[in-house]
Amino acid sequence: MADIFLPTVHTFENENTFTGSCGALRFRAEPRVVKQANKEVDRENSSIFCQLWHGEKCYELSEMEKEKEFPMSEQGRAELKSWLEANV
């Protein structure tokens, strides 16, 4: 089984988009962060939106094959990782 690297949930909480690959698989994980009144991240309402494709072309020139949204949590991150690994 392929081992795909994903950054920590904290990285996504800081509104960092992450792109990665494994073999022909390419993916882009984008945080959708909702802030509370005190400017803290509202994890319950935030998510990580991921799109994937296969091939050599970059995100902008590729047709997305699948997309899915995951909760902004350790469990959501683990589900995202499993989903990507199932699509290698």
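Dipole magnitude for the chain: about 60 debye, using +1 per Lys or Arg Cβ and -1 per Asp or Glu Cβ, origin at the Cα centre. Once C-alpha pairs closer than 8 Å and six or more residues apart are averaged by separation and normalised to the residue number of the stretch 40-88, the relative contact order reads 38 percent.
Dimensions of the chain based on its C-alpha atoms, expressed as ranges along the principal axes with the largest first, amount to 43, 28, 17 Å. Here the label points at W83 and T11, each 7 Å from Cα along the C-beta direction, are separated by 1.7 nm in the simple model.
Once the Cα atoms are used to define both axes, helix 74-86 deviates from the longest principal axis of the chain by about 10 degrees.
Run the helix sum for the chain: -39,500 (n - 2.57) per DSSP H stretch of 4+ residues, divided by residue count, reported at 222 nm to the nearest 500 deg cm²/dmol. Don't skip to the answer; put the middle values down first.
On the way: 2 runs with 18 residues, N = 88.
So the calculated ellipticity at 222 nm is -6000 deg cm²/dmol.
Its Cα centre serving as origin, the stretch 1-47 has a Cβ charge dipole (Lys and Arg +1, Asp and Glu -1) of approximately 140 debye.
Summing charges over all other residues whose Cβ lies under 13 Å from the Cβ of G23, with Lys and Arg as +1 and Asp and Glu as -1, gives -2.
Since every read-out is calculated from the coordinates, none of them should be taken as a lab result. This one's a predicted model, so the numbers in the text were calculated from it and none came from an experiment. We place every Cβ from the backbone using ideal geometry, glycine too, and count neighbours over all the protein chains shown.
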